[in-house]
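Here's the structure, in structure tokens; my notes come after.
The values are calculated or read from the model by the stated rules, or taken from the named source; none is laboratory data. Only a predicted model underlies this, so the values are computations on that prediction, with no experimental measurement involved. Here Cβ is always computed from backbone atoms with ideal geometry, including for glycine, and neighbour counts include all displayed protein chains. Remember, those area values only see protein heavy atoms, side chains included, never the ligands or the DNA or RNA. Shrake-Rupley method; radii C 1.70, N 1.55, O 1.52, S 1.80 Å.
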Amino acid sequence: MNTFAFLEKSAQQRPDGLALVQGAEAITYREFRDRALAIGGNLLAMGCAPGDRVAFCLANSPRIMELIFGCFAAGLVVVPVNARLHAREMAYIVSNSGAKLLVHGAEFQEGIVANAALFEGIKRICTDEAEGADNFAALLTKENALAAGAEAQPEDLCWLFYTSGTTGKPKGAMWNHRMIARVIMNYLADLHNIQPGEVVLHCAPMSHGSGIVALPAVARGAVNAITETASFEIDSLLATVEKLKVSHIAFMAPTQIVKLLEDYRPGVHDISTLKAICYGGAPIYLDQLKQAIATFGPVFVQLYGQGEAPITITGMSGQLHAELLAADDPRLGSAGQIRTDVEAHCVDENDNPLPAGKAGEVVARGDVVMPGYWNNPEASEEALRGGWLHTGDVGYFDDRGFLFLLDRAKDMVISGGNNVYPREVEEVIILHPDVANCVVFGIPDEYWGEAVHAVIVPRAEGILTAKQIIDFCGEHMAGYKKPKAVDFVDALPVSGYGKILRREVRDKYWEGRASQIGGGAGTKGSQT
Ligand code: AMP
């Protein structure tokens, strides 16, 4: 089945129901379907053939959903590009995917022109008038509109999802119609059962998790509402929740939930319609999650997955959050349980399955797993060896099948022969009342091999010393896990998708090795 059929059905069942809303713009399901059929037909008329890739780099707007479904309708492969990337990074994805056509916002015109050689031979469509590009309106003319969505086989490719590239160059995980149908059905069954007419709000990039959660909303005939401001601003977000009676926030990175907690002003907006806030993409610290539930109620829904197995390998519904919190169960700090039609377990370095409680790499299998990376057979074979997706995440399942994620395999620190997972240490440091944020990683050390190192954002300058942090850790964890040194900074770097870039902080300490140990560039000071 072509994923376009989900839109076709909602347009039939709720033709006048709202489908896409942003500011004053409101598009019904009938209009959404017609616009997608026009876009599909015009893309073909512009020279794209079924199976060709069409990239887009757009700030959140209804155009994203129209393009995605326009590509589905025409049998094309959509390639979403994170709108926060630099033009050169965008060019890498456009070129790696072999995209024929790029649809972009007017704000990218300058960067594209400045790097014109990298975009040579790519047909461009811009949301506004722009030199060298057609206008988006050209995609909406009715003469070329398709009468219906193309026939598609379940294994036909329809989406290339570029990994966020927190390590190395992004790779294009291939998604087909079968995978997306599984994502949609299991989202509704396991995580949150969106109802027709409910309002799902997007405030995170729709080229990533939020855009994927938009798919079950389309399948259910719900409203996909999109915030207007490019920046993430809590007051206006909650004003939108009140105005549109939002029932569901599609996706938030944990960094956004922390901001929500920091900037929330109780009683200013009526947000009682909110039933679900989905989060994932990076770890949330247990203490922050508890605060969030205490403030907003049992509305949080966790997703754990990756571009290679979209949206969920494991998940935690709102109800499960509530039950675990009520029982003061530490499983609240887990990434939940395996979703209904996915198999997953942990393996050792020789791919042998590990029993409950033993840490190793998380592997997963099921229809939600990609068939491979685009044009990259070596990486595909490595990731999918033995028929299991090797996630690169280290964790363990407990006896009730809850997954505790420790870290990315590559981030584990080996100090004096002991394995230390940075997240375990971060979970403790964040409990300190004067700590706003932190990252932990290993740095080269002649004696220990690697030494555990913490970089901390204090709540105010000068209120914390390294000794206080190290002593605090000593009260909660084995001595070998305690940071050997601590640096303080004003802020931590965050990716376009809201993930704290631990690697970027860490790499500064590995450049030029010994001379950098104990005092990274750009830090306010270092004490051991
Ligand atoms: P991406 O492909 O950009 O979605 O990144 C996927 C990676 O983000 C996973 O392999 C994990 O390392 C991390 N991740 C995703 N969801 C969670 C979660 N709920 N908790 C902790 N880490 C997560």
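Brief remarks follow.
- Figure legend. Inter-residue proximity from segment 251-278: first residues at pLDDT 95 or above and open to solvent by 50 Å² or more (accessible area, probe 1.4 Å), second residues among the polar types (S, T, N, Q) and assigned to a loop (DSSP other than H, G, I, E, B), beta-carbon distance below 7 Å, spacing 6+ or different chains. Indicated pairs: K275/S247.
- V241 vs. criteria part of a helix (DSSP H, G or I), in contact (Cβ under 8 Å) with a residue 40 or more places away in the chain and open to solvent by 10 Å² or more (accessible area, probe 1.4 Å): no
- Selected residue (criterion: nearest to the ligand (Cβ to nearest atom)) from residues of segment 371-420 that are modelled with pLDDT under 95 and of a type in the set (K, R): R408
- Selection count, segment 161-202, where residues are surrounded by fewer than 19 Cβ atoms within 10 Å (Cβ to Cβ) and either within 25 Å of L320 (Cα to Cα) or away from the ligand (no atom under 15 Å from the Cβ) (or both): 7
- Residue within segment 363-370 that is within 14 Å of the ligand (Cβ to nearest atom) and part of a strand (DSSP E or B) present: yes
- A99 closer than 18 Å to L139 by Cα, surrounded by fewer than 19 Cβ atoms within 10 Å (Cβ to Cβ), out of contact with any Leu (no Cβ under 8 Å at 6 or more places or on another chain) and in contact (Cβ under 8 Å) with a residue 12 or more places away in the chain: no
- The condition (being in a helix (DSSP H, G or I) and either assigned by TED's automatic domain parsing to the domain that holds M477 or farther than 30 Å from L157 by Cβ (or both)) is satisfied by just one residue among E382, E426: E426.
- Every residue from segment 361-401 that is crowded, with 22+ Cβ neighbours inside 10 Å, under 21 Å from E349 (Cα atoms) and of a type in the set (F, W, Y): F397
- Of all residues in segment 476-491, those that are open to solvent by 30 Å² or more (accessible area, probe 1.4 Å) and modelled with pLDDT of 90 or more total 5.
- In segment 147-154 there is no residue that is more than 20 Å from F6 (Cα to Cα) and acidic (D, E).
- Complete set of residues in segment 336-360 that are of a type in the set (K, R) and surrounded by fewer than 16 Cβ atoms within 10 Å (Cβ to Cβ): K358
- Meets criteria (open to solvent by 30 Å² or more (accessible area, probe 1.4 Å), more than 16 Å from the ligand (Cβ to nearest atom), of a type in the set (G, A, S) and modelled with pLDDT of 95 or more) for S247: no
- The listed residues are M316, M370, and the only one of them that is among the hydrophobic types (A, V, I, L, M, F, W, C) and touching an Asp or Glu at 6+ places or on another chain (Cβ under 6 Å) turns out to be M370.
- Selection count, segment 203-222, where residues are within 12 Å of the ligand (Cβ to nearest atom) and at positive phi: 0
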